[in-house]
Amino acid sequence: MRLALFDLDNTLLAGDSDHSWGEFLCETGRVDAVEYRARNDAFYADYCAGKLDVVAYQSFTQDILSRTGAEELASWQAEFMRDVIEPIILAKGEALLQQHREAGDKLVIITATNRFITAPIAARLGVETLIATECAMDDGRYLGRVAGVPCYQAGKVVRLNEWLAESGLSLDGAYFYSDSRNDLPLLEAVAKPVAVDPDDTLRVTAIERGWPVLSLR
């Protein structure tokens, strides 16, 4: 079975769900907006520049999960999906997913954003397999830190290889769609890399290497 791998943020979505979650917390008064927004924006700038300290960022963004009960978090998730995520789901992205689905390909979303944020999005998009940065948990409660290898930069390749070993599938003929320079390690590992509305660094690399450049906007 051929794999069709998809980044999520700024690929299938017209925005970044991770950064948007922080904005959502600020705008709904669930955190100190001035302090939290400054740190959230700084981490996002580092991400865009390809120099994010992903462990520090996950500790920052997951801290509120460790201080909030499961029922309340579920309510927040539903509100976030309705008000923030639904409006930025790209119709052309959904059509591309459907094209691969009809071709019999195995759909996988692989994202640096943590599973708390992305699991409902993958479900909404009808993609059963999600490889995401994992949240450390104990007895159903979040511990406020990352678990295992973050699914970021070369860590995406590590996490994908772990999943391939478990699933018995391979990268033979695999597609990977992404917008970000941070995904170059995985783009270089697949047979069919595709740059989707790429950042400047990825656009230059894609043109130099003859990779397809696609817009879903």
Original post:
Tyr177: over 16 Å from Asn114 (Cα atoms) and among the aromatic types (Phe, Trp, Tyr), yes or no?
Top reply: yes
Subject >> Out of Ala42, Ala78, Ala70, Ala49, sole residue that is over 17 Å from the mean Cα position of the chain (by Cα), within 24 Å of Leu184 (Cβ to Cβ) and open to solvent by 20 Å² or more (accessible area, probe 1.4 Å) >> reply: Ala42
Original post:
How many residues are surrounded by fewer than 22 Cβ atoms within 10 Å (Cβ to Cβ), within 19 Å of Leu130 (Cβ to Cβ) and of a type in the set (D, E, K, R) when one looks only at segment 173-217?
Top reply: 0
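Return the total of residues in segment 156-166 being open to solvent by 10 Å² or more (accessible area, probe 1.4 Å) and touching a residue at least 24 places away in the same chain (Cβ under 8 Å).
So in segment 156-166, the residues open to solvent by 10 Å² or more (accessible area, probe 1.4 Å) come out as 157-159, 161-166.
From the residues that got through so far, the ones that are touching a residue at least 24 places away in the same chain (Cβ under 8 Å) too are 157, 159, 163.
Final tally of qualifying residues: 3.
How do the strands (runs of 3 or more DSSP E) wholly within segment 103-217 filter down when requiring 1 or more residues that are more than 13 Å from the chain's Cα centre (by Cα) and of a type in the set (Val, Ile, Thr): which remain? So that I can check it myself, show each step before the final result.
Numbers: elements: 106-114, 129-138, 141-147, 175-178, 192-196.
The qualifying strands (runs of 3 or more DSSP E) are 141-147, 192-196.
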Subject >> Matching residues, segment 104-128, being in contact (Cβ under 8 Å) with a residue 60 or more places away in the chain and surrounded by fewer than 16 Cβ atoms within 10 Å (Cβ to Cβ) >> reply: Gly104
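Given the residues Ile131, Ile89, which is the only one that is among the aliphatic types (A, V, I, L, M), surrounded by fewer than 17 Cβ atoms within 10 Å (Cβ to Cβ) and either modelled with pLDDT of 95 or more or at positive phi (or both)? Quick ask: steps written out before the conclusion?
Working: Ile131 fails: surrounded by fewer than 17 Cβ atoms within 10 Å (Cβ to Cβ).
Result of the check over Ile131, Ile89: Ile89.
Considering each of Glu71, Glu79 in turn, give the residue that is of a type in the set (Asp, Glu), closer than 23 Å to Tyr142 by Cβ and without any contact (Cβ under 8 Å) to a residue 12 or more places away in the chain. Spell out the reasoning first.
Numbers: Glu79 fails: without any contact (Cβ under 8 Å) to a residue 12 or more places away in the chain.
Just a single option satisfies the conditions, and that option is Glu71.
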**OP:** For segment 17-54, name all the residues that are in contact (Cβ under 8 Å) with a residue 60 or more places away in the chain and among the hydroxyl-bearing types (Ser, Thr, Tyr).
**Re:** Ser17, Ser20, Tyr47
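The values are calculated or read from the model by the stated rules, or taken from the named source; none is laboratory data. From a predicted model like this one, the values you see are computed outputs, not experimental measurements. Every residue, glycine as well, gets a Cβ built from its backbone with ideal geometry; the counts of neighbours run over all protein chains shown. When the accessible area is computed, the model is the full protein with side chains, heavy atoms only, and any ligands, DNA or RNA have been set aside. Shrake-Rupley method; radii C 1.70, N 1.55, O 1.52, S 1.80 Å.
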